[in-house]
């Protein structure tokens, strides 16, 4: 592939038009250029949670184990902390990478990579048993690799 009359900016713009839902990453080594396209929603994302009117806490989506509703709040459980935020669960679900998180019932979302076991009526995350509805279980099973 020749790039003599093509700037990296025009190449990115061209690929953004064709693949609007993907990140473009250039890797260069001397005269060689490798271009990779990564779906945006498969990469973990940093974001800030508004814990109170005066406090924002930065977390990465890879830190989240599960999220559950608690009265009018959503409770985000990470590897190291529990954060309560005043946001609806469906809104949080729309902000998270959809191929890394899965709704397991009306009041819970789990990180797929943090699931240790899946039973008929429950998933286990961080030694916590979380009820899973039949509909959500069927969807989860189609999104993971099952051997056997």
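The values are calculated or read from the model by the stated rules, or taken from the named source; none is laboratory data. Quick caveat, the model's predicted, so the values are computed rather than measured. Cβ: placed from backbone, ideal geometry, glycine included. Neighbour counts: every protein chain shown.
Numbers below:
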{"quantity": "Strands (runs of 3 or more DSSP E) (entirely within the range 62-117) containing at least 3 residues that are closer than 21 Å to residue 52 by Cα", "calculated": "64-70, 73-78, 82-85"}
{"quantity": "Qualifying residue in the range 137-146 (condition: at pLDDT 90 or above, out of contact with any strand residue (DSSP E or B) (no Cβ under 6 Å at 6 or more places or on another chain) and buried (at least 17 other Cβ atoms within 10 Å of the Cβ))", "calculated": "yes"}
{"quantity": "Residues satisfying the stated conditions in the range 70-104, i.e. crowded, with 17+ Cβ neighbours inside 10 Å and touching a helix residue (DSSP H, G or I) at 6+ places or on another chain (Cβ under 7 Å)", "calculated": "74, 78, 96, 97, 100, 101, 102, 103, 104"}
